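Accompanying notes for the structure given below.
The values are calculated or read from the model by the stated rules, or taken from the named source; none is laboratory data. Everything numeric in this text was worked out from a predicted model, so none of it was measured. Here the Cβ positions follow ideal geometry from the backbone for every residue, glycine too, while neighbour counts run over all protein chains shown.
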């Protein structure tokens, strides 16, 4: 069958299924699961005979939403919070994985620009970080403690102040997505330029390792969370720019709702990063290398698994569970 004929034959069925999913028009999970099986069959057919077709992306997105609806109504998922963290957020991340990838690409590109700019302009770091901060850090480097700034203040004071600031940055990164996503990209640009120039500053003075083993104890979760929060903002902006088959305002409501859920999912990681910065980073110089590196790898591994690995494993498991027996 030609692709045009395949789409024409199934278009109304897909649109009807899509409308029913988003408007909760299914009477029971069994009905939804039955319709989902037909959708999977169409997706498999399209992947086999039209591997480069855009309809595959559309059907994949529709299938991801169906996963959420089916498992949301499963009898054993009585705990709403457990369902939110265990299923709903990971499936949203899987559904919007292209936006998450886009956010990471922007992150690495802007961070690289910050580092390259600092390498080619001796005054760039001062322009970004400010003279007082640069001078203070230079003094700390001369004293043999490059990350001494994290030892200032009390443990609890640092934890609360740092966490509130990181929450503010994350919320701004999401909210500014209302400006068609460009506001979010600007927030990410600011933070990435600062990060890139900041790390090059330490590299240029021969203390990169000392900075990495200290700063990234909390920075692994902190920075990763900001990227995910930026992805949430971009999702909201894209929902306005690319409404698809929905009216623009309806698309925006869906994008904003999904973005808020993803934003909220980052808060525990932001709190954890604040705790590490307030109570652990200040002791990094006294730690053996294996301990500081171990903390960095564990924290990075946890958040990476939740947002990058677990959604794919969950999607695969749900797909296998819902596939009809042959």
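Taken over the stretch 254-275, the criterion of being surrounded by 22 or more Cβ atoms within 10 Å (Cβ to Cβ) and farther than 19 Å from residue 96 by Cα is satisfied by 269, 270, 273, 274.
Residue by residue, here is whether (1) part of a helix (DSSP H, G or I); (2) modelled with pLDDT under 95 holds:
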position: 75; (1), (2): no, yes
position: 82; (1), (2): yes, yes
position: 107; (1), (2): yes, no
position: 115; (1), (2): yes, no
position: 134; (1), (2): yes, yes
position: 144; (1), (2): no, yes
position: 153; (1), (2): no, yes
position: 157; (1), (2): yes, yes
position: 161; (1), (2): yes, yes
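Filter the stretch 219-247 for residues that are more than 17 Å from the chain's Cα centre (by Cα) and at pLDDT 90 or above and give the result. Listed by number, the residues that qualify are 240, 241, 242. Every residue in the stretch 120-132 that is surrounded by fewer than 16 Cβ atoms within 10 Å (Cβ to Cβ) and in a helix (DSSP H, G or I), please. Result: 120, 127, 131, 132. Taking (1) in contact (Cβ under 8 Å) with a residue 40 or more places away in the chain; (2) crowded, with 18+ Cβ neighbours inside 10 Å; (3) at negative phi in turn, residue 182 satisfies each apart from (2). Here residue 251 fits the description: surrounded by fewer than 24 Cβ atoms within 10 Å (Cβ to Cβ), in the same structural domain as residue 183 (by TED's automatic domain parsing) and over 27 Å from residue 218 (Cα atoms).
Pairing residues of the stretch 269-293 that are at pLDDT 90 or above with residues that are surrounded by fewer than 16 Cβ atoms within 10 Å (Cβ to Cβ) and not in a helix (DSSP H, G or I), at Cβ distances under 8 Å and at least 6 apart in sequence or on separate chains, gives no pairs at all.
Mind checking whether some residue in the stretch 282-298 is assigned by TED's automatic domain parsing to the domain that holds residue 106 and closer than 30 Å to residue 183 by Cβ? The answer is no; no qualifying residue exists. Of all residues in the stretch 235-248, count the ones that are touching a helix residue (DSSP H, G or I) at 6+ places or on another chain (Cβ under 6 Å), in contact (Cβ under 8 Å) with a residue 40 or more places away in the chain and crowded, with 20+ Cβ neighbours inside 10 Å. Of the residues in the stretch 235-248, 3 are touching a helix residue (DSSP H, G or I) at 6+ places or on another chain (Cβ under 6 Å), in contact (Cβ under 8 Å) with a residue 40 or more places away in the chain and crowded, with 20+ Cβ neighbours inside 10 Å.
The sole residue among 172, 195, 208 that is in contact with a helix residue (DSSP H, G or I) (Cβ under 7 Å, 6 or more places away or on another chain), surrounded by fewer than 24 Cβ atoms within 10 Å (Cβ to Cβ), in the same structural domain as residue 308 (by TED's automatic domain parsing) and more than 26 Å from residue 284 (Cβ to Cβ) is 172.
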